[in-house]
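Asker: My structure is below; once you've seen it, I'll send some questions.
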Amino acid sequence: MIKHSGGCHCGRVRFEVLAPAEITVSECNCSICAKSGSLAMIVPAARFRLLSGADSLITYTFNTGTAKHLFCSHCGIKSFYRPRSHPDGVSVNVRCLDPGTVTHMTIRPFNGQEWEQQYPEGRAPSFPN
Ligand SMILES: [Zn+2]
């Protein structure tokens, strides 16, 4: 495990996350991921630490309302959020990580358009990172 850091575009939201240097990320085709182009690195919440910007975050929800999509209210970037698949975890957008700490990235397509068929038990069974 190493420490990665990242944040939103304007710099108000900053975080640290513990994860391997070689990570596995999801490229999801659901209605929101496809439009935002984010790549998701999902970790247990205990390995994520928000350093600044809590007062700049706004929450957007849709469909079941389980996922908490957190956007910077100033620059509009969603650098991390609480995913429906891992409500006890954090999904970090690896496009928002500072460069230099990820040595390899395995990108796995995720069919979020048919989310219920991927996770019939209502959530993912384990953490990919
Ligand atoms: Zn921002």
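Asker: Which net charge results when you count Lys and Arg as +1 and Asp and Glu as -1 among the other residues whose beta-carbon is under 14 Å from that of Arg49? Please list the in-between numbers first.
Answerer: Values: positive: Lys3, Arg14, Arg47; negative: Glu16.
Computed value for this residue: +2.
Asker: What is region 1-86 by shape, rounded, prolate or oblate, if you read a ≥ b ≥ c off the alpha carbon gyration tensor as root eigenvalues and call it rounded for a/c under 1.5, prolate for a/b larger than b/c, and oblate otherwise?
Answerer: Numbers: a/c = 1.58, a/b = 1.10, b/c = 1.44.
Oblate, because a/c is 1.5 or more while a/b does not exceed b/c.
Asker: Right, next: Under 18 Å from a point placed 7 Å out from the Cα of Asp88 along the Cα-to-Cβ direction: which residues of region 29-57 have their backbone N that close?
Answerer: What the label zone holds, given the 18 Å backbone N cut-off, is 42-49.
Asker: Expressed in nm to one decimal, what extension gain is obtained for the pair Arg123 and Glu27 from 0.36 nm per residue of sequence separation less their Cα-Cα distance? The partial results should precede the final answer.
Answerer: Working: separation 96, 0.36 × 96 = 34.56 nm, distance 1.72 nm.
Net length gain for the segment: 32.8 nm.
Asker: State, to one decimal in nm, how far the label point of Lys35 lies from the label point of Asp55, with both points 7 Å from Cα in the Cβ direction.
Answerer: According to this spin-label approximation, the distance is 3.0 nm.
Asker: Hey, what number do you get for the chain at 222 nm if only DSSP H runs of n ≥ 4 count, each worth -39500 (n - 2.57), divided across all residues, to the nearest 500?
Answerer: Working: 2 runs with 10 residues, N = 129.
Rounded to the nearest 500, it is -1500 deg cm²/dmol.
Asker: Right, next: Hey, what did the chain get for relative contact order, percent, Cα under 8 Å, at least 6 apart? Spell out each step's value before the answer.
Answerer: Details: 272 pairs, mean separation 42.8, N = 129.
Value for the chain: 33 percent.
Where a number appears in this text, it was derived from the coordinates with a stated rule and is not lab data. Since this is a predicted model, take the numbers as computed values, not measurements. Methodologically, a virtual Cβ is constructed for each residue, glycine included, from the backbone with ideal geometry; neighbour enumeration extends over all protein chains shown.
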